[in-house]
1. For Glu100 and Phe78 in one chain, what is 0.36 nm times their gap in residues minus the Cα-Cα distance, to one decimal in nm?
2. The list (1) 25, 17, 15; (2) 57, 15, 10; (3) 19, 15, 13 gives values of semi-axes √(5λ) of the Cα gyration tensor in Å, and only one came from this structure; which label was calculated from it?
3. What are the aspartates and glutamates whose alpha-carbon lies under 18 Å from the alpha-carbon of Lys97, with same-chain residues fewer than 8 places away excluded?
4. Pull up the cross-link candidates among the lysines for Lys4, meaning alpha carbon to alpha carbon under 29 Å and not fewer than 8 places away within one chain.
5. If amide hydrogens are placed 1.01 Å from N in the peptide plane, which non-local residues have theirs closer than 5 Å to the one on Val56?
6. Just for the chain, what percent of DSSP beta bridges are antiparallel, to the closest 5?
7. Modelled label-to-label distance, Leu5 and Asp52, 7 Å Cα→beta-carbon offset: nm?
8. If eta is 1.002 mPa s and T is 20 °C, what Stokes-Einstein diffusion coefficient results for segment 1-49, Kirkwood Rh from Cα pairs, in µm²/s?
Amino acid sequence: MSIKLTRHQGNPVIKPNAQNSWESLIATNPAAWYDKENDEFIMIYRCAGHDDEHIVHLAMAISKNGLDFERVSDKPLFSPPESGADRGCMEDPRIVKFGEYYFITYASRMQPP
């Protein structure tokens with residue numbers, strides 16, 4: 001059995017946003033969840049700006065149809081701390097819901113001091 005996949009004509013569904021310095025360069029590698037209770041798709045995506053350190057943040061967007069996403073804020077959902085193991089980068093988010101709570105995991109890449 002073979003399956004033929006077709007790329008959506010509207011890709012990418014989220015693009016960098018020049019209005020926000022922290023996501024002006026890249027918006028990529030999203031995690032998504034369909035919330036039946038609210039009848040909406042939730043997307044957590046990786047983003048970064050044109051800063052010299054290339055700090056990578058996670059941001060959130062929602063959609064009613066899974067194709068047309070709107071950002072929920074002009075600020076990141078999560079940003080890496082200035083010190084510690086996650087300093088500098090949060091990438092490859094994953095999202096799942098258990099009961100009433102969402103759980104988000106991500107990979108980190110520590111920047112040199």
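1. 5.9 nm
2. Label (1) holds the value from this structure.
3. Reachable aspartates and glutamates: Asp35, Glu37, Asp39, Glu40.
4. Filter leaves Lys15, Lys36, Lys64.
5. Residues meeting the amide H criterion: Cys89, Met90.
6. 95 percent
7. Inter-label distance under the simple model: 4.0 nm.
8. The Stokes-Einstein estimate is 167 µm²/s.
Here, each number is a calculation from the coordinates, and none is a lab measurement. The model shown is predicted, which means the values in this text are computed figures rather than measured ones. Because the Cβ atoms are built from the backbone with ideal geometry, glycine has one as well, and the counts that use them run over all protein chains shown.
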